[in-house]
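The structure under discussion appears below in the form of structure tokens.
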Amino acid sequence: MVFQLWIRKALSACVLITVFTATSMVALAGPGRVAAELTVSGKALNGEAPVVLVNGEPSRNGRSIFSSSTIETPEETTAALNIGRTGRLELDPKTTVNVIFDDKTVNAELTAGKLTVVGSLGTVKVRTNDGKITTLQAGDSITASGQAAAKRQTGSDNWWIWVVVAGGVAAAVLIAVAASNNDDNVVSPNR
């Protein structure tokens, strides 16, 4: 009788440990921090891959950037920060910016250079050296002095070129069909 009691207690302890371990894994697998991906382009002075400084450390393409990071681009090097669905920011050469973001908003403090919002589903607010906070939309740029730069061209002003090309293709198809209708011979696929 005592032996069965000890078996039940051991079995109950094993089940309790299993349940505790499984629920801990589920609880720890909750939503994580939002990370952005860094893309660096340009020329390095020594012929190597270009780098930017992230929190004072040299960084190359593909590095994950977390909220509250400071990014500095050297001369002749640009950087793009892809924050998933929230937005995509481009930094010109000689730019220093501190970015704070989550899955819906981006807040940046621009202390040098120029920042451009390439795409954004959330809000992008930028504080400049003059102390003003500016809300930017996709295509908007701002400098550290607080001056809005010219809006980036998206290519939508040349829509008429695509209409002309589509009309030319349609005309060519109609001419080809009209020219091929002179054949009265019927060819059967089955013989």
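The values are calculated or read from the model by the stated rules, or taken from the named source; none is laboratory data. Just so you know, these numbers come straight off a predicted model, no measurement behind them. With ideal geometry, Cβ positions are generated from the backbone for all residues, glycine too; neighbour counts draw on all protein chains shown.
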**OP:** Could you grab me the full set of residues in region 46-72 that are free of Cβ contacts under 8 Å to residues at least 12 places away in the same chain and over 24 Å from ASN107 (Cβ atoms)?
**Re:** ASN46, GLY47, GLU48, PRO58
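Quick one: would you say PRO50 is part of a strand (DSSP E or B), farther than 25 Å from ILE133 by Cα and modelled with pLDDT of 85 or more? Full working, then the answer.
Details: part of a strand (DSSP E or B): no; farther than 25 Å from ILE133 by Cα: yes; modelled with pLDDT of 85 or more: yes.
When the stated conditions are applied, PRO50 does not pass them.
Among the residues of region 125-152, what is the count of those that are more than 21 Å from THR105 (Cβ to Cβ) and either at pLDDT 70 or above or in a strand (DSSP E or B) (or both)? Break it down into steps so the answer makes sense when it comes.
Initial filter on region 125-152 (more than 21 Å from THR105 (Cβ to Cβ)): 129-130, 143, 145, 147, 149-152.
Filter again for either at pLDDT 70 or above or in a strand (DSSP E or B) (or both), leaving 129-130, 143, 145, 147, 149.
Total meeting the criteria: 6.
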**OP:** Looking only at region 73-86, count how many residues are in contact with a Ser or Thr (Cβ under 8 Å, 6 or more places away or on another chain) and free of Cβ contacts under 8 Å to residues at least 40 places away in the same chain.
**Re:** 2
Original post:
Among (1) at positive phi; (2) at pLDDT 80 or above, where does GLY155 come up short?
Top reply: (2)
